[in-house]
Amino acid sequence: MLQPVALTDMRTYIKGRIGGAQYKVGSTWYDCTIVESIITDDGFVRIKCQISPEAACTITGARLLNTDSQVWATKDVSVIIETVLEHLLAWFDFVVNESEVS
């Protein structure tokens, strides 16, 4: 069985390897800002991204990049932004735990 320190090390590694975030409009990916990267009390690695498009659009995806600019995680979304004053807060939760397989 893994010890708690091993799970903490894995969570810390994931948190430290996230290097950027992007959102998709049409077929184009745009950079966005990671506003929070935490390990929650219940053991999730939570990465929050603020998406602030420069024009009205429909956002169809979000993704996280590692520190080598390789895609680590993606999610499909469908959010209509009607004005440039609107923003979208998207987040990714990673669960790191151990379970036995029989």
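We did not get these values from a lab; they are worked out from the coordinates using the rules stated. Everything quoted here is computed from the prediction, not taken from an experiment. Virtual Cβ from ideal backbone geometry, glycine too; neighbours counted across all protein chains shown.
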Checklist entry - Which residue, of 34, 38, 59, is more than 14 Å from the chain's Cα centre (by Cα), part of a strand (DSSP E or B) and either in contact (Cβ under 8 Å) with a residue 12 or more places away in the chain or farther than 19 Å from residue 93 by Cα (or both)? => result 59
Next on the checklist: Any residue at all in the range 23-30 that's in contact (Cβ under 8 Å) with a residue 40 or more places away in the chain, in a strand (DSSP E or B) and in contact with a Cys (Cβ under 6 Å, 6 or more places away or on another chain)?
Outcome noted: yes
Checklist entry - Out of curiosity, is residue 46 over 22 Å from residue 81 (Cα atoms), touching a Phe, Trp or Tyr at 6+ places or on another chain (Cβ under 7 Å) and in contact (Cβ under 8 Å) with a residue 12 or more places away in the chain? => result yes
Next on the checklist: Here is a check on your reading of the model: is residue 37 surrounded by 13 or more Cβ atoms within 10 Å (Cβ to Cβ), among the hydroxyl-bearing types (Ser, Thr, Tyr) and touching a Lys or Arg at 6+ places or on another chain (Cβ under 6 Å)?
Outcome noted: yes
Item to check | Filter result (of a type in the set (A, V, I, L, M, F, W, C), out of contact with any helix residue (DSSP H, G or I) (no Cβ under 7 Å at 6 or more places or on another chain) and not in a strand (DSSP E or B)) within the range 62-102 | outcome: 84, 85, 101
